[in-house]
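The values are calculated or read from the model by the stated rules, or taken from the named source; none is laboratory data. Everything numeric in this text was worked out from a predicted model, so none of it was measured. Quick reminder, even Gly has a Cβ in these numbers, built from the backbone with ideal geometry, and neighbours come from all protein chains shown. Ligands, DNA and RNA are stripped out before the accessible areas are found, and what is left, the full protein with its side chains, is counted by its heavy atoms. Shrake-Rupley method; radii C 1.70, N 1.55, O 1.52, S 1.80 Å.
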Amino acid sequence: SQQPLELTRKILRDKQNKNSGQPTPVFPSWVYERPALIGDFLIGTSLSTDTTVPIGTLPLASQESMIVEDLLYVLIGVDGRYITAQSLIGRQNRAFSVDPNLDLSIKELVTRILPVAASYSAVTRFIEEKSSFEYGQVNHALAAAMRTLVKEYMILITQLEHLQRQGLLSLQKLWFYIQPTMRTLEILASLATSVDKGECMGGSTLSLLHDKTFNYTGDSQAQELCLYLTKAASVPYFEILEKWIYRGIINDPYSEFMVEEHELQKEKIQEDYNDKYWDQRYTVVQQQIPSFLQKMADKILSTGKYLNVVRECGRDVTCPVAKEVIYTLKERAYVEQIEKAYNYASKVLLDFLMEEKELVAHLSRSIKHYFLMDQGDFFVHFMDLTEEELKKPVDDIITTRLEALLELALRMSTANTDPFKDDLKIDLMPHDLITQLLRVLAIETKQEKAIISADPTEITLSGLEAFSFDYIVKWPLSLIINR
């Protein structure tokens, strides 16, 4: 089963390196090559060196004391003399072989205790595997929380061993003392198996833990255990979430957050202003949304995006109502915090566009003047000055001369008071107005390709037919004013 694990780790590493652009750290090879470090059974190293005396021939009391000693070994992942672990095939649960000569009454109790060892084996393997860097911070945190619980289990086994050394531990007593731990390890093992089966990481691990916590509603002990694990596992995820909704930054080295960042060149927006950057720069990854944040996913995406626009303009923003997000079964707690962050981000971006970037002035002073002919004197001046030049065929027109005449027309008309008049430019199109209108009408129809690929050189256009105004829109206004 070692090969598939190496392969899985490599696939995860490649994906993370591609997304984050920085190499994922790797454990040295000896971590994987020394199985004795794991704390799980090493097959073929049992203690059965001196089993010359078959256990079935011994008196009951001796059989019991030998089996108790064996069980204390098996419960911490080491083979005993008469109880040995079998090899694993794939991800199945650990099975054990018990000496067939053992007294039946003792054997019955032993088979009841062995599921604890099987659960311990599954949990230990899970902790070891998920502690590798590739599995992400949520799984690291879950494995660390499980390790804390396994440590308490080890303390219990140590105490039982102390009793056994004093001759005070019978098989019945062992069965009694192990009861509370049995349930805990069973839940941990079932969680480990579910995470493994679903190949969960990040948000999907949290969804699984959250759903399990809810499923144990009638069982307070089990629910408390799941709640403890989910709280611990959610800490790194919520740290990424807080950075995103309070500051507009994504710091997600293992690709486990619900918002994914794509590298796009912001410079391209200066030539081709549309909302592609806005739509494609950040996207939601459906399987990484924890089930308890599903309803708020769109708001979380928008909150960080709004702050990000302001950050891209060189302004540092931090939400003043920022509070630590802590996992709880009450959904309202998250909703309120995310709503507050969303309202702040919306206000910051709106104020930034309206006041600092003067959006309304661009729309009402410039675009309204030049594209909706709000004040006619500019056009009269412009057409008078450029008439001779525009009558020529397109190829004969000197563009710099047109630009100079445009500047003159702007200075002579009421447009002179417009602070953004220098953003107006002249563009000579390769087709006339009728073709342009036909192209607009043909969008998303069968004729679209035919009209777009029509060769414009068949007709010689005059300057008047090809002429159009262009307007320079800078980031972040290009998010609103598109081509």
**Fill in**
In the range 427-458, residues that are in a loop (DSSP other than H, G, I, E, B), at pLDDT below 75 and surrounded by 11 or more Cβ atoms within 10 Å (Cβ to Cβ) total 2
**Request:** List the number of the failed condition for residue 311; all other conditions in (1) open to solvent by 50 Å² or more (accessible area, probe 1.4 Å); (2) over 30 Å from residue 236 (Cβ atoms) hold.
**Result:** (2)
**Request:** Evaluate the following for residue 137: is it surrounded by fewer than 22 Cβ atoms within 10 Å (Cβ to Cβ), in contact with a Pro (Cβ under 7 Å, 6 or more places away or on another chain) and either assigned by the TED database to the domain that holds residue 61 or not in a helix (DSSP H, G or I) (or both)?
**Result:** yes
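Among the listed residues 160, 114, 109, 149, which satisfies the condition of being closer than 17 Å to residue 222 by Cα, in a helix (DSSP H, G or I) and hydrophobic (A, V, I, L, M, F, W, C)? Let's see the steps before the verdict.
On the way: 160 fails: closer than 17 Å to residue 222 by Cα; 114 fails: closer than 17 Å to residue 222 by Cα; 109 fails: closer than 17 Å to residue 222 by Cα.
Answer to the selection: 149.
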**Item:** Any hit, the range 49-67, residues being modelled with pLDDT of 90 or more and among the acidic types (Asp, Glu)
**Value:** yes
**Complete:** Just one listed residue, out of 187, 155, is part of a helix (DSSP H, G or I), of a type in the set (Val, Ile, Thr) and farther than 28 Å from residue 206 by Cα, and it is 155
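Condition check ((1) buried (at least 17 other Cβ atoms within 10 Å of the Cβ); (2) of a type in the set (Ser, Thr, Tyr); (3) in contact with a Ser or Thr (Cβ under 6 Å, 6 or more places away or on another chain); (4) at pLDDT 85 or above) across all residues:
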residue	(1), (2), (3), (4)
328	no, yes, no, yes
336	no, no, no, yes
365	yes, no, no, no
387	no, no, no, no
399	no, yes, no, no
404	no, no, no, yes
**Complete:** Reported set for the range 362-397 where residues are outside any loop (DSSP other than H, G, I, E, B), of a type outside the set (A, V, I, L, M, F, W, C) and under 30 Å from residue 476 (Cβ atoms) is 362, 364, 365, 366, 368, 369, 370
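Just to be sure I understand, how many residues within the range 413-426 are assigned to a loop (DSSP other than H, G, I, E, B) and among the acidic types (Asp, Glu)?
Just the residues of the range 413-426 that are assigned to a loop (DSSP other than H, G, I, E, B), to begin with: 413, 418-420.
Those still in the list that are among the acidic types (Asp, Glu) too: 418.
Qualifying residue count for the region: 1.
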**Prompt:** From the list 43, 38, 89, which one is in contact with a strand residue (DSSP E or B) (Cβ under 7 Å, 6 or more places away or on another chain), open to solvent by 50 Å² or more (accessible area, probe 1.4 Å), closer than 30 Å to residue 11 by Cβ and not acidic (Asp, Glu)?
**Reply:** 43
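When the range 199-224 is examined, which residues are found to be in a helix (DSSP H, G or I) and in contact (Cβ under 8 Å) with a residue 60 or more places away in the chain?
We begin by selecting, within the range 199-224, every residue in a helix (DSSP H, G or I); these are 203-215, 220-224.
Answer for the range 199-224, where residues must be in a helix (DSSP H, G or I) and in contact (Cβ under 8 Å) with a residue 60 or more places away in the chain: 203, 204, 205, 206, 207, 209, 210, 211, 213, 214.
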**Fill in**
Inside the range 107-133, the number of residues satisfying the requirement of being surrounded by fewer than 20 Cβ atoms within 10 Å (Cβ to Cβ) and either among the β-branched types (Val, Ile, Thr) or touching a His at 6+ places or on another chain (Cβ under 9 Å) (or both) is 4
